[in-house]
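Each remark here refers to the structure printed beneath this line.
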């Protein structure tokens, strides 16, 4: 990548235009022609640096539940990875550095009961020793973006999520609309298909997108990148045991620019896992993650804090 490519990636992540011809604006800001811009973006996508350009669709607005599930699988982790690979509703699967729980997945289901059943089934099928389900009690923040200049993750606009986003049916919007813009094409008029499908004018489309972002139905507009290919080799799951009010510690973590996910979790079995406040940090080196974790420790005052590092992505290439 040259300097222009880096500028393009920063614009695509942090200042993605919310109108019908977003690439025109980016070309003007970077100071190159539109066709040059589109060619560069397409090349970055072919190289796997750009996973998609579009919007995250909040799982709660879809009426779903989510959980982080940790397994004590030892050498059986490969069997767990096989099971996770075949499950389209398992969006993340990592081998991690915790001394007991070495495989961590993120799964979505229609209910918490189904998530607990999934953990029990996967434990039996992989011959793992035990599990802990960390239900998503509340998601405070989600914005997976990479500050290429400083080598540490930095959330973008629309990162903070409401506690209870509305369902699309309550907003009078077609249930497939967010899926139609989850990943948009790289061309002069990327929303043409959506405009024709829903018989919308450009200004109507822009209004709906902004409304859904404000309501928390959509989030994280712009480019989703492969951080590892950009040199972000380390990701730390910073888990904190609250010292008092568990919501305040999550609000504090969400206020930090470097946190990409902040979630308050509920442990199943109850009380088995005490570090229920969770924040993700990505960086080019562990020292930077440790510095950010120290900031969380100083500002948010947890009773205890652990960094659980990713050792291997067991479900690589997933476009989330």
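The values are calculated or read from the model by the stated rules, or taken from the named source; none is laboratory data. Fair warning: this is a prediction, and the values are worked out from it, not measured in the lab. Cβ: placed from backbone, ideal geometry, glycine included. Neighbour counts: every protein chain shown.
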Residue under evaluation residue 190, criteria (1) buried (at least 18 other Cβ atoms within 10 Å of the Cβ); (2) assigned to a helix (DSSP H, G or I), criterion not met: (2)
Scanning for something surrounded by 14 or more Cβ atoms within 10 Å (Cβ to Cβ), under 22 Å from the mean Cα position of the chain (by Cα) and not in a loop (DSSP other than H, G, I, E, B), does segment 28-39 turn up at least one residue? no
Find the residue count for segment 193-202, including only residues that are part of a helix (DSSP H, G or I) and either crowded, with 17+ Cβ neighbours inside 10 Å or in contact (Cβ under 8 Å) with a residue 12 or more places away in the chain (or both). 5
Failed condition for residue 221, given (1) surrounded by fewer than 17 Cβ atoms within 10 Å (Cβ to Cβ); (2) not in a loop (DSSP other than H, G, I, E, B), with all others met? (1)
Quick check on this structure: which one of 84, 66 is under 27 Å from residue 143 (Cβ atoms), in contact with a strand residue (DSSP E or B) (Cβ under 9 Å, 6 or more places away or on another chain) and part of a helix (DSSP H, G or I)? 84
Those residues of segment 40-50 which are in contact with a strand residue (DSSP E or B) (Cβ under 7 Å, 6 or more places away or on another chain) and surrounded by fewer than 17 Cβ atoms within 10 Å (Cβ to Cβ), in sequence order: none
May I ask you to verify whether residue 9 is out of contact with any helix residue (DSSP H, G or I) (no Cβ under 9 Å at 6 or more places or on another chain), within 22 Å of residue 320 (Cβ to Cβ) and modelled with pLDDT of 95 or more? no
Can you name the condition, by its number, that residue 172 falls short on among (1) farther than 23 Å from residue 281 by Cβ; (2) out of contact with any helix residue (DSSP H, G or I) (no Cβ under 8 Å at 6 or more places or on another chain); (3) at pLDDT 95 or above? (3)
Going through 265, 303 one at a time, which residue ends up being crowded, with 21+ Cβ neighbours inside 10 Å, modelled with pLDDT of 95 or more and in contact with a strand residue (DSSP E or B) (Cβ under 7 Å, 6 or more places away or on another chain)? 265
